[in-house]
Amino acid sequence: MLDVSGRFALTYNGEIYNYRELAAELVAGGVVFRTHGDTEVVLEAYKRWGTGCLDRFNGMFAFALYDGVRGILLCARDRYGEKPFLFGTGSEFFAFASEYKALLQHPGLSLEFDEMRLLRAAYNASTGLDCDRQTLYHAVHQLLPGEAMEVDVRTLKQRIWRYWEIAAPVGYDCRPEGEIFSEFREILTDSVRLRLRSDVAVGSCLSGGLDSSAIVCIARSLLGDDVPYMTFTGRFPGTAADEWEYATQVIDTTAVTSHVVEPTADGFIDDLPEFMWFNEIPVGGSSQYAQWCVFRLAKECGVTVLLDGQGSDEILGGYEQYFAQYLQTLRLLGEGERLARELPRIQMRYPLALAPASRTLRDRLPFRFRHWVANWRGMGTSLLYGLRRDIAEQVSRASRLAACGGFSPLGNVLLQDSFGRFLTTLLRYGDRNSMAHSREVRLPFCDHRIAEFVMRLPPQMLMGEVQTKRVLRESLRGVLPEGIRTRWNKQGFRPPQEDWFRTPRFREMASDTFSSASFEASPYWLAPWWKDALARIEHGESGLNGALWGPLIIEFWRRHFHERLCASRGRAED
């Protein structure tokens, strides 16, 4: 879009949810709009406030805005990194895109990639590919969440800065708990309200978990009982992964129209070529395929915009392993009485939250000894045991992230997982899977106001009283069905992946991969360990499916994305 003067040009991916409020402010200052959408608001906001416009946007976006008089290109990515901004440079060009497959058509950008990053991502999906500016491909970089960049088009000189980050709190919000719960509910409700704005059909993903259920219930309260609203659920009947009994509580309470899809191993194999082509980078597990199926179902039902619960677990303390940092924070704050009261209750309700003594003892053994035993005896469940020892040690070291200064142990891990790893990776999956089916997914929990509010709260507001996401649970009393609100176990949206590995087609595909000449000749993988691991899972051993997924998805990525990319690049250059 060009502005009315022709000086400014914008290419833009995403949504500014508060565009109406910004437009009203701009109109009061004399701006006359030609359109009624958010794109022109981005242009006019930049003309009025310069790069300060970024502080005013509440949304998901990646854009490049060119000032033809100054010769400056402003590039920006939203605070959470919901939308991608990829770029590459040469001596005479600056190129940018939302997708690798688009950007890497440029003949000046190399198709070489970093093998070590692939291995890091296979070991820890969050630290190899999404946590820093360098991407998998040597020639491709990315803006990080909350970053902006100015490019001088005459010299191609770049200046990158972080326009938003959460400052370390100088003290905790010590108001009465009721006031805090009430304010959190108001912020979350307003976030849902903004994301319901649309001139096309809006619905929700619904797993049956706390987060998606909260959004559906709030959406229903805002829309009223008479407005049609559709939900989309992935089911895995007959397995422990199926959450239908919880989803039905929300469906019955809100009277939404429910649609269900049942992802299968055979479906994954059939869809694998296109699934990998659209995801572009290896994915962390079969749950990403389940997400793909849910978005495809929404397309079949004609619902263009979907609200989803992604982002709550990381910033609100939704994973039971965070209890270790919660307890550490209590110790540092001198909360001895609370610590003594809550520790035994945490151990009772979440017995796996704190590392068992046997595991702690095992981890004290030298890695090279554990690695040798695992390969000698054909045992162990870590992907590292299936790598050459020197490579495994490199991967392990490279997967560690530095702590954020000034934050408590709990605050530090919530920030890291929300903005430095994990969630950033999950948002990549969601963006690629939704865009593959031309669906727009909006995430109310990824509203920067929620993050800024939460990081000022004392630790017990997030994980006190033996509750994960306590501030969410308590603020939605009377909004959520009690069976959902007091559902203490956390169950990720994931297919029964272990069962998939035992299906004939999946087992054959894995066996062919581990027996291939290229895999056996790999300078990284130890093929005998992987063949043993596959045999162990066939004989009923559990806990191996996560490790087995790693090398398989890398091989699938090579075949269905990288080789196809190289072929398309060759055709383009011909």
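The values are calculated or read from the model by the stated rules, or taken from the named source; none is laboratory data. Please read all numbers here as calculations on a predicted model, not as lab measurements. All Cβ positions, glycine included, derive from the backbone under ideal geometry; neighbour counts span all protein chains shown. The area values use the complete protein model at the heavy-atom level, side chains included, leaving out ligands, DNA and RNA. Shrake-Rupley method; radii C 1.70, N 1.55, O 1.52, S 1.80 Å.
Structure summary
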{"item": "Peptides ranked, highest mean first, by Cβ atoms within 10 Å: ranges 224-235, 148-159", "result": "224-235, 148-159"}
{"item": "Sites K157 and R400, calculated FRET efficiency, Cβ-Cβ separation with R0 35 Å, nearest 0.05", "result": "0.60"}
{"item": "Reachable aspartates and glutamates, given that their alpha-carbon falls under 15 Å from the alpha-carbon of K490 and they are not under 8 places away in the same chain", "result": "D211, D242, E243, E245, D313, E314, E320"}
{"item": "Stretch gain in nm, segment R133-R345, where the contour uses 0.36 nm per residue and the Cα spacing is subtracted", "result": "72.2 nm"}
{"item": "Mean ellipticity per residue at 222 nm, deg cm²/dmol - from DSSP H runs of n ≥ 4 across the chain, formula -39500 (n - 2.57)", "result": "-13500 deg cm²/dmol"}
{"item": "Directionally averaged shadow of region 284-400, computed from the convex hull of its alpha-carbon atoms, nm²", "result": "11.8"}
{"item": "Whole-angstrom gap from region 9-66 to region 323-358, using each part's C-alpha centre", "result": "46"}
{"item": "Full-stretch length increase - R48, E115 - with 0.36 nm per residue and alpha-carbon distance subtracted", "result": "19.6 nm"}
{"item": "Residues A168 and V373, FRET efficiency given R0 of 30 Å [Cβ-Cβ distance, rounded to 0.05]", "result": "0.10"}
{"item": "Descending principal axes extents, region 92-179, alpha-carbon based, whole Å", "result": "60, 40, 19"}
{"item": "Column: log10 I(q)/I(0), Debye, Cα scatterers of region 420-574, q = 0.15, 0.16, 0.19 Å⁻¹", "result": "-1.05, -1.09, -1.23"}
{"item": "Region 1-65: C-alpha gyration tensor shape, a/c 1.5 cut-off, then a/b vs b/c", "result": "rounded"}
{"item": "Fraction of beta bridges assigned by DSSP in the chain that are antiparallel (%, nearest 5)", "result": "70"}
{"item": "Magnitude of the charge dipole, the chain, Cβ model with Lys/Arg +1 and Asp/Glu -1, debye to 20", "result": "1260"}
{"item": "Protection proxy ranking, peptides 496-506, 455-465, average beta carbon neighbours within 10 Å, highest first", "result": "455-465, 496-506"}
{"item": "Cβ crowding within 10 Å averaged over residues, with 83-91, 48-56, 563-571, 282-290 ranked highest first", "result": "282-290, 83-91, 48-56, 563-571"}
{"item": "Cα-based reach from K47 at 20 Å (exclusive), listing aspartates and glutamates while leaving out same-chain residues under 8 positions away", "result": "D3, E15, E21, E25, D38, D55, D67, D78, E147, E150, D152"}
{"item": "Values of log10 I(q)/I(0), in the order q = 0.19, 0.21, 0.24, 0.28 Å⁻¹, for region 157-216 under a Debye, Cα-only, solvent-free model", "result": "-0.95, -1.00, -1.06, -1.16"}
{"item": "Fraction of accessible area attributable to carbon and sulfur, region 61-172 (%, probe 1.4 Å)", "result": "49"}
{"item": "Cα coordinate range in region 495-541, projected on the principal axes (Å, largest first)", "result": "31, 19, 16"}
{"item": "log10 of Debye I(q)/I(0), alpha-carbon scatterers only, for the chain at 0.06, 0.10 Å⁻¹", "result": "-0.32, -0.93"}
{"item": "Tail beyond 24 Å, pair distance distribution of region 27-150 (Cα, percent)", "result": "38"}
{"item": "Cβ-Cβ FRET estimate between E508 and H36, R0 fixed at 56 Å, reported to 0.05", "result": "0.55"}
